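What follows is calculated from the coordinates using simple rules that are stated; it is not laboratory data. All values derive from a computational prediction rather than experimental measurement. Neighbour counts are summed over all protein chains in view; Cβ atoms, including those assigned to glycine, are modelled from backbone coordinates with ideal geometry.
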Amino acid sequence: GEGEGEGEGEGEGEGEGEGEGEGEGEGEGEGEGEGEGEGEGEGEGECQEGDSRPCECPDGTLVDEFCDDGQWGGCPCVGEGEGEGEGEPIWDPEDPPPHESCAITPLTDLQWPTFVVTAMTMDGRYGYDLDGDGDLDNNLGNNMFLPGLANPQISEAIADGDLILLLQFAGARSSSEWECLAVHQLLGLPVDRSRPHDEQPVFSIAPWCLDADGQPLVTFANATIQEGWLYAGPADWDLIIPMEGEEIHLPITATRLQAELLPDLGGVALGVLGGSVPKTGVEQAFDNVGIELPIGVEFLLGPPDLDTDGDEVTDAYSVGLTFLAAPARIKDSTPLPE
């Protein structure tokens, strides 16, 4: 006889019960899955090592899928998948391993390994312990307002080529071990939008991301690569949120960077940025684009959670972001400082 009900859980298929009685239907609910979620075009067919192709994540984000050991590795969607508690940490960052300190490598060589960010998400499940209490801090990533505002805008701008974030590993020659290097964060301008997708994209450097001496305004100094992981920072940088023709620049101070690198510097499999956003910086960022907050920033974001000056008054918001990146090149004709 048919079992009563359609099976527990949210699985596929109603199924018919075997034998008599109430019997639960075959193929009953499989429950909600966990994990990072994989988008369209995952793991199909053979490929050449180093190849990439576009794929779409469940949230509509366009990212690059890479060839791994002759097989497509699946769409590397960041922070997706059902079954994870919202805001519940799902990774455990490590302190940078001991390594030799070195001076900042200046921007003098366009051939250093360079990567373009293909996805970036404000995600409450990632971050760093910024106040020393043993817990991950990511106030803004768990906010009810800001991620819903920022994430779709950032994803669309990256996919459309309107926001090109470049990371240059100045001094790196290996993705497994490199004692000391500098990570320059640059803004790019497209050189050729019609390139075949299996070729590395080529960009020139936007002059407004350089200082008067032609050096990057943002550099994660004293970085190291050990056992396939990059550790860098702290550094101060701006999170750019495109918004109706304007750009909201959220200043993030003392930002840490940790990233898992693909073999042979083939890309960033998972990168995590985390730091603090001064409350005054949030107010100034909105004011710069003409957005008035007559009821105060705390009405939208809640109270700050970090005390950055030691006066026992919280004055900044913690934030954490995840990102993916693929290999890229900087145009040879880009002017460099002498």
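Between THR108 and HIS249, what's the calculated FRET efficiency when r is the beta-carbon distance and R0 is 25 Å? Round to 0.05. Before the final figure, lay out each step's value.
Values: r = 27 Å, r/R0 = 1.09.
Efficiency, from the Cβ-Cβ distance: 0.35.
Can you tell which of VAL297, VAL313, ALA269 lies farthest toward the positive end of the dipole of the range 210-338, using +1 and -1 charges on the Cβ of basic and acidic side chains (Lys, Arg; Asp, Glu)?
The listed residue farthest towards the positive side: ALA269.
Taking the Cβ of LEU321 as the center, what net charge do the other residues with Cβ under 12 Å away carry, scoring Lys and Arg +1 and Asp and Glu -1? Don't jump to the answer; show the numbers that get you there.
Numbers: positive: ARG125, ARG256; negative: ASP123.
Residues close to LEU321 contribute a combined charge of +1.
Quick one: which residues, 5 or more positions from THR308 or on another chain, have an amide H under 5 Å from its amide H? H modelled 1.01 Å from N in the peptide plane, none for Pro or chain starts.
ASP315, ALA316
Note down the net charge around PHE220, summing +1 for each Lys or Arg and -1 for each Asp or Glu among other residues with Cβ under 12 Å from its Cβ.
Details: positive: ARG256; negative: ASP236.
Neighbour charge sum, excluding PHE220 itself: 0.
Dipole size in debye (nearest 20) for the range 185-267 around its Cα centre, Lys and Arg Cβ +1, Asp and Glu Cβ -1? Intermediate values should be presented prior to the final figure.
Values: 3 positive and 13 negative charges, 19 e Å.
The calculation lands at about 80 debye.
Need one number for the range 230-338: average projected area of the convex hull over its C-alpha atoms, nm². Spell out each step's value before the answer.
Details: hull surface 41.6 nm².
Average projection, Cα convex hull of the range 230-338: 10.4 nm².
Under the 0.36 nm per residue contour assumption, what length would be gained going from the current alpha-carbon distance of ASP307 and GLU94 to full extension?
Values: separation 213, 0.36 × 213 = 76.68 nm, distance 2.24 nm.
Contour length minus the Cα-Cα distance gives 74.4 nm.
For the range 258-338, which chymotrypsin sites (Phe, Trp or Tyr not before Pro) pass both filters: DSSP loop (anything but H, G, I, E, B) and at most 11 other C-beta atoms within 10 Å? Don't jump to the answer; show the numbers that get you there.
Details: sites: PHE286, PHE299, TYR317, PHE323; in loops: none.
Sites meeting the loop and neighbour criteria: none at all.
Which order, highest average first, do 273-285, 140-152 follow once you tally other Cβ atoms within 10 Å for each residue and take the mean per peptide?
273-285, 140-152
Using a 7 Å offset from the Cα along the Cα-to-Cβ direction at both LEU189 and ARG53, what is the distance between the two label points in nm, to one decimal?
Going from the LEU189 label point to the ARG53 one covers 3.4 nm.
Considering amide H positions built from the backbone, and no H for Pro or chain starts, which residues 5 or more places from GLY124, or on another chain, come under 5 Å of its amide H?
GLY87
VAL218's amide H: which non-local residues (gap 5+, or another chain) put their own amide H closer than 5 Å, with H modeled 1.01 Å from N in plane and none for Pro or chain starts?
For VAL218, whose amide H was placed from the backbone, the distant partners under 5 Å are GLN185.
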